[in-house]
Structures are given as C-alpha cells and as structure tokens.
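Written out below as structure tokens is the structure these notes cover.
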Amino acid sequence: MEYLIRDFQETDIYLLVDLCAKHAAHETSKYNRDGKVSLLKSALLSHNPTLHCWIVMVEDEMAGYATFTFDFSTWEVRHYLRLDCIYLEEKFRGLGIGTEMMKRLMKVARERDCVNLQWQTPVFNETAIRFYERMGGKGLLKKRFFISI
C-alpha cells in the first residue's frame, strides 16, 4: 500500500481534530473539541511553532498523524524529542506505516542533536507496547499525574 507522510497543512485542521477525537476514544479518554481548531492552528502554524505535526495520507484519506515537540532535559542538559501523539486508523495499522513514522522521528531527533526520543502510552495498550518494544523502546515504570486547570 502506498502512503505519504507529510508535514501538516492548514487545510488538514478539521480532519486532524477528528483524528484527535478518535485517538482519545481509542485510549478511553475524554476529548472536548471546543476551541481545538484555533488552538491547534496557533500551535502548529506560528512563526516558531510549539507543536510539529505529520499527516499520513493513503490515497485521498487522512490515515493518521504524529505530533511532537522539542523539550529540554535538566538531567541531560540537552533537548529531547517528545512524541506527544502517534495514531493510525485501525485499518492502516500493521502495514509498516507506524514503523516508518518512528524511524523518521528518530532521524529528526538525531539531526536536532536530541539526547533521546520519549513518549508514553497507556498500560492497557498492549499492542502499542509490543510495537514500541520491537522498535527498541525501553519502558520506565512511572505514574503520570496531572492537575486540571
């Protein structure tokens, strides 16, 4: 199957929000669409974007996306690439697209002299965990906390 992994374009915004909602449902999380279009546009399309996004296209269909940031590690005193989201529609999983996306992310991290590539997945997402382990990912046992503001 032929596919294209490309940079986000402004015309992708509504489909990206749809995929974010599907991704949240897949991870059994809530997703509120209110304001997401303008907030994502601001994060992705500013002069110095805080968020980077790749879109996966299969023919004329948006099949998935990956979003990432460059953050700083105090302990390493270097930047790292943080994969915020990676999501493929179910019918496009297992075709090597996710593997290619991860390889490209690792390449970008090397090019930007990042100390590593970091991401997280819910503990119940066993398919993703197996995929990440096959890619060479190492898990850390930590519990993530957050406070809603």
Charged-residue dipole, Cβ positions (Lys, Arg, Asp, Glu), the chain about Cα centre, Debye nearest 20:
680
In vacuo Debye scattering of the stretch 17-67, one point per C-alpha: log10 I(q)/I(0) at q = 0.12, 0.26, 0.28, 0.32 Å⁻¹?
-0.30, -1.11, -1.15, -1.17
Given the options 66, 109, 25, state which has the largest fluctuation in a GNM of the chain using a 10 Å cut-off (strictly under) for Cα springs.
25
Which of the lysines could be linked to residue 36 by a straight reach, that is with a Cα gap under 25 Å, when you skip same-chain ones fewer than 8 residues away?
22
Can you tell me, using C-alpha contacts under 8 Å and at least 6 residues apart, the relative contact order of the chain as a whole percent?
18
Each label point is 7 Å from the Cα along the Cα-to-Cβ direction; what then is the distance between the points at residue 31 and residue 141, in nm?
3.2
Sequence gap at least 6, Cα distance under 8 Å: using those rules, report the relative contact order of the stretch 17-91 to the nearest whole percent.
20
Using a 1.4 Å probe over the heavy atoms of the protein chains, calculate the carbon and sulfur portion of the accessible area of the stretch 29-149 as a whole percent.
53
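At most 15 other Cβ atoms within 10 Å and a DSSP loop assignment: could you name the chymotrypsin sites (Phe, Trp or Tyr not before Pro) in the stretch 82-149 that fit?
Numbers: sites: 87, 92, 119, 124, 131, 132, 145, 146; in loops: 119, 124, 145, 146.
Sparse-neighbourhood loop chymotrypsin sites (Phe, Trp or Tyr not before Pro): 124, 145, 146.
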Taking amide hydrogens as modeled 1.01 Å from N in the peptide plane, which residues meet the under 5 Å criterion relative to residue 80, leaving out close sequence neighbours?
71, 72, 73, 115
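So what's the back-of-envelope 222 nm ellipticity for the chain, counting only DSSP H runs of four-plus at -39500 (n - 2.57) apiece and dividing by all residues, rounded to 500? Walk me through the numbers before you get to the answer.
Working: 4 runs with 48 residues, N = 149.
Counting only the DSSP helices, I get -10000 deg cm²/dmol.
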Taking only the Cα positions of the chain, the convex hull volume per residue in Å³ is 140
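Which loop-located GluC sites (Glu not before Pro) does the stretch 1-108 contain, where loop means any DSSP state but H, G, I, E or B and the Cβ has at most 10 other Cβ atoms within 10 Å? Mind dumping the intermediate values first?
Numbers: sites: 2, 10, 27, 59, 61, 76, 89, 90, 100; in loops: 2, 27, 59, 76, 89.
Those satisfying the criteria are 2, 59.
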Take the alpha-carbon centre of the stretch 1-31, take the same for the stretch 48-119, and report the distance between them in whole Å.
13
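Kindly provide the trypsin sites (Lys or Arg not before Pro) of the stretch 11-55 that DSSP labels as loop, not H, G, I, E or B, and whose Cβ sees at most 15 other Cβ atoms within 10 Å. Write out the running numbers ahead of the final one.
Values: sites: 22, 30, 33, 36, 41; in loops: 30, 33.
When the trypsin sites (Lys or Arg not before Pro) of the stretch 11-55 are filtered for loop state and at most 15 Cβ neighbours within 10 Å, 30, 33 remain.
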State, to one decimal in nm, how far the label point of residue 100 lies from the label point of residue 123, with both points 7 Å from Cα in the Cβ direction.
3.5
Cα-based reach from residue 107 at 19 Å (exclusive), listing lysines while leaving out same-chain residues under 8 positions away
138
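Taking the Cα centre of the stretch 1-75 as origin, work out the dipole magnitude from +1 charges on Lys and Arg Cβ and -1 charges on Asp and Glu Cβ, in debye rounded to 20.
For the stretch 1-75, the charge dipole is close to 360 debye.
The values are calculated or read from the model by the stated rules, or taken from the named source; none is laboratory data. For clarity, every value in this text was computed on a predicted model and none was experimentally measured. Don't worry about glycine lacking a Cβ; one is built from the backbone with ideal geometry, like all the others, and counts go over all protein chains shown. Just so you know, the surface numbers come from the protein's heavy atoms only, side chains and all, with ligands and any DNA or RNA stripped out. Shrake-Rupley method; radii C 1.70, N 1.55, O 1.52, S 1.80 Å.
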